[in-house]
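Read the structure below first, then the notes.
Only the coordinates and a few stated rules stand behind these numbers; no lab work does. Not measured: the values here are computed from a predicted model. Methodologically, a virtual Cβ is constructed for each residue, glycine included, from the backbone with ideal geometry; neighbour enumeration extends over all protein chains shown.
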């Protein structure tokens with residue numbers, strides 16, 4: 001779950017520029033999402049990045065996750081932890097990697113194009129009997145700030161009527177306007193999250209070397225090594241070096 005922290009760190013650093021007093025836009029969007037869930041029978045989570053809050057609407061699909069159809073709740077977070085608990089840990093990790101790639105991908109796009117893209121994947125989630133089955137997860141941003149900063153994110157969960165994924169979660173980024181599909185088999189837009197020196201140090205950490213030993217190998221001070229290690233953990237926003245190695249490996253950084 002530490003990969004969530006990495007994404008949160010990037011999101012909040014950008015969303016600080018958003019106007020947090022845009023109640024009319026929020027109200028209008030909430031009504032639109034509510035109507036969408038009623039029509040789609042799905043489960044939707046609208047996350048307000050500027051205010052770190054989420055709104056959850058439960059359609060018929062919610063019963064699969066043990067939730068009450070027609071239920072509406074507000075979460076003091078942009079992450080739907082109660083739903084995450086139902087998702088297979090391996091698929092949850094990959095889904096968050098996909099979201100991290102998506103977020104960095106969008107930052108490379110013109111602001112006028114950012115709302116045209118979405119992610120799509122197939123993940124295993126437990127039903128109310130505790131059995132795992134594949135469901136569809138889709139996410140997109142549906143509002144941006146005047147300066148192009150990503151603001152309102154929409155995650156939609158629903159039944160999967162397709163075959164099981166051929167590879168991992170079949171993660172992809174889709175252009176909803178053109179129909180273009182970008183399969184995500186690697187995380188190119190996350191490749192430069194760490195500096196070359198930080199990668200050097202993480203490689204040594206992966207070998208099992210202590211900070212003092214790394215300092216000797218790279219001919220730098222222990223304080224410099226420790227500072228870089230702290231920066232690595234902060235950039236990947238994980239709780240320890242082992243998690244940093246796991247995330248870096250998954251992103252293709254190492």
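With axes computed from alpha carbons, what is the tilt in degrees of helix 89-107 against the longest principal axis of the chain, rounded to the nearest 10 within 0 to 90? Roughly 90 degrees, rounded to the nearest 10. Shown for 29, 224: other C-beta atoms within 10 Å of each C-beta, ranked fewest to most, produce the order 224, 29. Exposure proxy for 36, 105: other Cβ atoms within 10 Å of each Cβ, ordered fewest to most, give 36, 105.
Under the rule a/c < 1.5 gives rounded, and otherwise a/b versus b/c splits prolate from oblate, where does region 192-250 land using the Cα gyration tensor? Walk me through the numbers before you get to the answer.
Values: a/c = 1.73, a/b = 1.55, b/c = 1.12.
The shape class here is prolate.
The sum of -39500 (n - 2.57) across all DSSP H runs of n ≥ 4, divided by the residue count of the chain, sets its helix-only mean residue ellipticity at 222 nm to -12000 deg cm²/dmol. The relative contact order of region 52-162, computed from alpha carbon pairs under 8 Å that lie at least 6 residues apart in sequence, is 20 percent. What angle do you read, to the nearest 10 degrees and between 0 and 90, between the alpha-carbon axis of helix 241-250 and the longest principal axis of the chain? Relative to the chain, helix 241-250 is tipped by roughly 60 degrees.
Note: relative contact order over region 192-250, using C-alpha pairs below 8 Å and six or more positions apart, is 34 percent.
Site pair residue 197 and residue 30 shows an inter-label distance of 4.8 nm when each label is modelled 7 Å from Cα along Cα→Cβ. The length gained on full extension between residue 188 and residue 167, counted as 0.36 nm times the residue separation minus their Cα-Cα distance, comes to 5.8 nm.
Rounded, prolate or oblate: which fits region 36-186, taking a ≥ b ≥ c as square roots of the Cα gyration tensor eigenvalues, rounded meaning a/c under 1.5, else prolate when a/b beats b/c? Oblate shape, in that a/c is at least 1.5 and b/c is the bigger or equal ratio. Remark: relative contact order (the chain) = 19 percent; criterion is Cα-Cα distance under 8 angstrom and separation of 6 or more residues. Subtracting the Cα-Cα distance of residue 127 and residue 77 from 0.36 nm times their residue separation leaves 15.6 nm of extension gain. With R₀ fixed at 35 Å, the C-beta to C-beta distance from residue 116 to residue 69 puts the FRET efficiency at about 0.65. Given their separation in residues at 0.36 nm each and the Cα-Cα distance between them, residue 224 and residue 207 gain 4.3 nm when the chain is fully extended.
Going by a ≥ b ≥ c, the root eigenvalues of the Cα gyration tensor, does the chain fall in the rounded group (a/c under 1.5), the prolate group (a/b larger than b/c) or the oblate group? In terms of gyration-tensor shape, prolate.
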